[in-house]
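Student: Provided herewith is a single structure, encoded as structure tokens, for subsequent inquiry.
Readers should treat all values here as calculations from the given coordinates under stated rules, not as data from a laboratory. Remember, it's a predicted structure, so these values are computed and weren't measured experimentally. Don't worry about glycine lacking a Cβ; one is built from the backbone with ideal geometry, like all the others, and counts go over all protein chains shown.
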Amino acid sequence: MHRLALLIALLLPGALLAETLIIPIGSQGADIDTQNLPHKGESQRSVLERFGLADEEHAPVGKPPITRWDYRDFSVYFEYEHVIDSVRHHQPRHPAKEQQ
């Protein structure tokens, strides 16, 4: 019984001081509208017509082959020739100051 009381006495203060941290992911990269990103199932040809050539195209990896096209503000992932996901790049709220 004394051990249980001691355990509760040791753990209770930590639980009382705990905080919940809420990170507003939806506000990240607010300058890019997610509705304008390529959608799942869209073809590579359609992405190419809408957004032009990617800044960088990565070679296919794995089976099934997954390809990534990197644009300035987002990346598009393809399985074979169809979009499986599009993600915005992280945009820091306060860009680091250039060192002189």
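Student: Where does each of 56-65, 80-89 land if you order them by average Cβ count within 10 Å, highest first?
Tutor: On the way: 56-65: 10.1, 80-89: 15.2.
Final packing ranking: 80-89, 56-65.
Student: Could you tell me the calculated FRET efficiency between Arg45 and Arg93, based on Cβ-Cβ distance and R0 = 41 angstrom, to the nearest 0.05?
Tutor: On the way: r = 36 Å, r/R0 = 0.87.
Calculated value: 0.70.
Student: Taking every pair of Cα atoms in segment 41-90, average 1/r, invert it to obtain the Kirkwood radius, and report Rg/Rh to two decimals. Before the final figure, lay out the partial values.
Tutor: Details: Rg = 10.1 Å, Rh = 10.8 Å.
Using only Cα positions, Rg/Rh for segment 41-90 is 0.93.
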